[in-house]
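Remarks on the structure that follows.
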Amino acid sequence: MPVSTSEVKRRAKTFQRGIDLPHNKHYTDGKAVERLPLPPFVVVPLRQHAGETVEPTVKPGDHVSAGDVVGDLDDRWCSAVHASVTGVVSEVEPRPFGDGTMVPSVVIRTTEQSREAPAFAERAGWQDLDQQTILGILKDFGIVGMAGAGFPTHINLAVRSKIPMLIVNGAECEPFLTSDHRTMIERTDAVIGGAEIIMRCIGADRCVFGVETNKPDAIEVLRDKTRNNPAMEVVPVAVKYPQGYKKTLLRAITGKDPPLGGRSSDVGCIVRNASTTAAIYEAVALGKPLYERVITVSGPGSVERCGNYLVPVGTTIRYVLESIGVRAEDLDGYKIIRGGPMTGLAVDTLDAPVVKPTTGILVMPPSAIQPQHEWINPCIRCSACVNHCPVGLYPNEISQFVEAGTPEAAEGLHIRECCECAICSYVCPNYRPVTHLVMEGKAMLRQRSR
Amino acid sequence: MYNPKLVVTRAPHIKIKVENTRQIMLEVILALLPATAMGIYLFGGNAAAVVVAAVVAAIVTEAAVDRRFSNPSEIFGDGSAALTGLLLALSLPPSIAPGYAAAGSVAAILFGKVLQGGLGKNLFNPALVGRAVMMVIWPAAMTTWVSPFDGATSATPLISGEATLSALFLGTVPGSIGETSALLLLAGALFLNIRGRIHWQIPFFFVLGSVLTAVAFRANPLAHVFGGGLMIGALFMATDWVTSPMTPNGKVIFGIGCGVLTVLIRELGRYPEGVTYAILLMNATVPLLDRYLKHKALGEA
Ligand code: SF4
Ligand code: SF4
């Protein structure tokens, strides 16, 4: 018997605190993924992941095909970087990353304009690989977390003992973003195949897909396709921010919390995002490196041709916007966000590239931009941030210690546990930059401990 | 290639709707307006002058010391100064000179807020600090109460014991400008509660604490609850975010403490000013209450 939507919502699991955000997913959640025409050039940064910047393995003048390695390093703490188009390397030099810094990048002029997706076929025996082989493929094929900081996946999955449970994170809790959602619907087999590979890699005997109830079609198709696999289960989780954070998802699904400073593996789970899981399948089973991805291009009614687009990594934001009819000339006073509206980065130049962890590009018109004061407003002790912090912290007190220049005092308040969800700033009625202060405190502590 | 001027600000890039300090303060002021209007209706022109003087003095004082609000278009600031002035005015006797009220407001902002580090850092409720200062300087003027309609002066009803309970509830009794009608104050507080601005714990346990203590002293609990400014104190002063505990359990203890102390001061001290000093004393316990009643972080053992 089909379960009604309201029934699913009532039963949906969740975590304490957090907050309801206006989803704004309706702009793009019904739009099938489209491949944009290939850009005339791409700027592929040699650091798109948490870890070391890799060394270029090509030089100007070299011909490369999409999928060729252009950067790598003999170090565990990095992930290989690949050409995302077929063409000629024109420069290897630092390029603006969008956050004010320059990152060494490989610029490739596209020579082959074919819009056809290159054909990849399943390789024989992909189901039977052992852990070391899988980890090697993940590093060489450039698989990193495709939401957030881009943590190299081969490091996450290099577990020494069996981890009983895999959680595939399909919560996609940030407003506007729908790339995971479309991936789960349109590449369901890849998501499930990726889950099988991870389970094999970490020795898991159970896999749970955690999907927010605002994606009933994804829940249904995943249920349908895992029906005959007793090891797999789809668990609808409540629509609440930040449901997609590892520890809140873990809490919703298992009811367990890793200890302070701990990791999800401490309670027997590994959490992987749905798009990353699909990329793992494509790398391991099809031999396709991570060199293109789906991004959501949207905004509060500001993008006429908003949608979900498949683009090569290294495509500039300028190209993405112009190819769907958003002209740079019209963007004075706009804010362009790479990522989601809660955790994304407001880029300082349209020449910043789409990178592996880029979930979307949001176009915020002046009317949607919150003014930011040059001063720091005081806390008026309304307790909103305390009541909503998903990690159960006291962001108000932490921010006051940081403001006073004594972040050490905030260590006892577990500042390091902050997941940077930005709820504390979002709710603060006094427009205090609480999140920013907490993050600054974390950075100060990192520096001082060096 | 055109390079537009992009706005670069920190995450988050969206903001919760409606919630900002000024709007919240305006809501609290709105909630107090019925009681204010009733006070002016009952006590006439001088009451109106006292309200205006206190509010204007508070706003001007704040603007003079806080650079954020010194711009004339920003003079209303975050609205907290106006609220402090209004609360102070409502707690004053209707016959007091408007000049005294203005001076009280200046004291409330300076001693109650600015000198304690500004809004958010102040330990004590600014309006009550202003009131306490006035009690010291003008004790006589602060305890002269006029009866509405006939203008006869008397002590506060708590002391005289003449007023009927229904008159206390409706506010047609001698008392301060705004704190006489429990009905209108309750309506305002209910509005704030529905809007999520104040929680029920502090007023509820404030009243409960005072009733139980009154019973222990064999005093009339209703006279304690509806007289001598307990209602405005419990509903609008003790619930001030800045000077009350953040945690639900802390609010319970804080409320009970305020109620018990109010009646103790009144019964043992034969002094109608129980509410002011009870809340100020409990304000001092807030850092401790907040510190020891914290909830645990995710994964904290
Ligand atoms: S302190 Fe960190 S985890 Fe808590 S609300 Fe703020 S940003 Fe989110
Ligand atoms: S939300 Fe802002 S004002 Fe309220 S307690 Fe947190 S920091 Fe203070």
- How many Cβ atoms of partner chains, on average, are near each residue of A:342-349 if near means within 10 Å of its Cβ? 4
- Query: How large is ³J(HN,Hα), in whole Hz, for each residue of the stretch B:89-104 in order, when computed from phi with the Karplus curve 6.51 cos²θ - 1.76 cosθ + 1.60 and θ = phi - 60°, using x for Gly and Pro?
  - Reply: 4, 5, 8, 9, x, x, 8, 5, 5, x, x, 4, 4, 4, 4, x
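Nearest 20 debye, what's the magnitude of the dipole of the protein assembly as shown about its Cα centre given +1 on Lys and Arg Cβ and -1 on Asp and Glu Cβ?
Working: 67 positive and 65 negative charges, 263 e Å.
In total the dipole reaches around 1260 debye.
Compute the relative contact order of chain B as a whole-number percentage, counting only Cα pairs closer than 8 Å that sit 6 or more residues apart in sequence.
Values: 504 pairs, mean separation 48.6, N = 301.
After rounding, I find 16 percent.
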- Item | Cross-link pairs beyond the 18 Å C-alpha cut-off, checked among A:K25/A:K247; A:K256/B:K296; A:K25/A:K240; A:K13/B:K15; A:K442/B:K17; A:K215/A:K247 | A:K25/A:K247; A:K13/B:K15; A:K442/B:K17; A:K215/A:K247
- Reachable aspartates and glutamates from A:K288, criterion Cα separation under 13 angstrom, eight or more residues apart if same chain: A:D68, A:E122, A:D140
- Message: Defining a contact as two alpha carbons under 8 Å apart and six or more residues distant in sequence, what relative contact order in percent does the stretch A:384-448 show?
- Response: 37 percent
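Using Cβ counts within 10 Å as a stand-in for footprinting exposure, how do B:T9, B:T213, A:T435 rank, fewest first?
Working: B:T9 16, B:T213 21, A:T435 25.
So the residues, fewest neighbours to most, are B:T9, B:T213, A:T435.
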- Tell me which residues come under 5 Å, amide H to amide H, from A:L73 once H is placed; ignore anything under 5 positions away on its chain. A:E55
- Excluding residues on the same chain fewer than 8 positions from B:K294, give the aspartates and glutamates whose Cα lies under 20 Å from its Cα. A:D257, A:E397, A:E408, A:E411, A:E417, B:D240
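For peptide A:386-393, what's the mean number of Cβ atoms from other chains within 10 Å of each residue's Cβ?
Working: counts 5, 4, 1, 3, 1, 4, 7, 5.
Going residue by residue through A:386-393 and averaging, the value is 4.
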- Item | Karplus-derived HN-Hα couplings along the stretch A:164-170 (A = 6.51, B = -1.76, C = 1.60, θ = phi - 60°), whole Hz, x at Gly and Pro | x, 9, 10, 10, 8, 8, x
- Task: Enumerate the amide H contacts of A:R293 below 5 Å, restricted to partners 5 or more residues apart or on another chain; note that Pro and chain-start residues carry no placed amide H.
- Result: A:V311, A:V313
- Query: Check A:R35: other-chain or 5+ apart residues with amide H under 5 Å from its amide H, H built from backbone geometry?
  - Reply: A:L310
- Ranked from highest to lowest mean number of other Cβ atoms within 10 Å per residue, what is the order of the peptides A:363-372, B:232-241? B:232-241, A:363-372
- Vicinal HN-Hα couplings computed from phi for the stretch B:277-283 (Karplus, 6.51 cos²θ - 1.76 cosθ + 1.60; Hz; Gly/Pro x): 6, 4, 5, 4, 4, 5, 3
- Folded to 0 to 90 degrees: helix B:201-216 orientation relative to chain B principal axis, Cα: 20 degrees
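Could you work out the mean count of beta carbons from other protein chains within 10 Å of each residue's beta carbon in A:420-432? Walk me through the numbers before you get to the answer.
On the way: counts 1, 2, 5, 2, 1, 5, 7, 4, 5, 12, 9, 5, 2.
Counting Cβ atoms of other protein chains within 10 Å of each residue's Cβ and averaging gives 5.
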- Query: Considering chain B as a Gaussian network with a 10 Å cut-off on Cα pairs, which listed residue, B:I14, B:I137, B:I29, attains the greatest mean-square fluctuation?
  - Reply: B:I14
- For chain A, what does the alpha-carbon gyration tensor say about shape, rounded, prolate or oblate, given a ≥ b ≥ c as the root eigenvalues, a/c under 1.5 as rounded, and a/b over b/c as prolate? rounded
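FYI, it's all coordinate maths here, none of it is from the lab. The structure presented is a predicted model; accordingly, all values stated were derived computationally and were not measured. Neighbour counts are summed over all protein chains in view; Cβ atoms, including those assigned to glycine, are modelled from backbone coordinates with ideal geometry.
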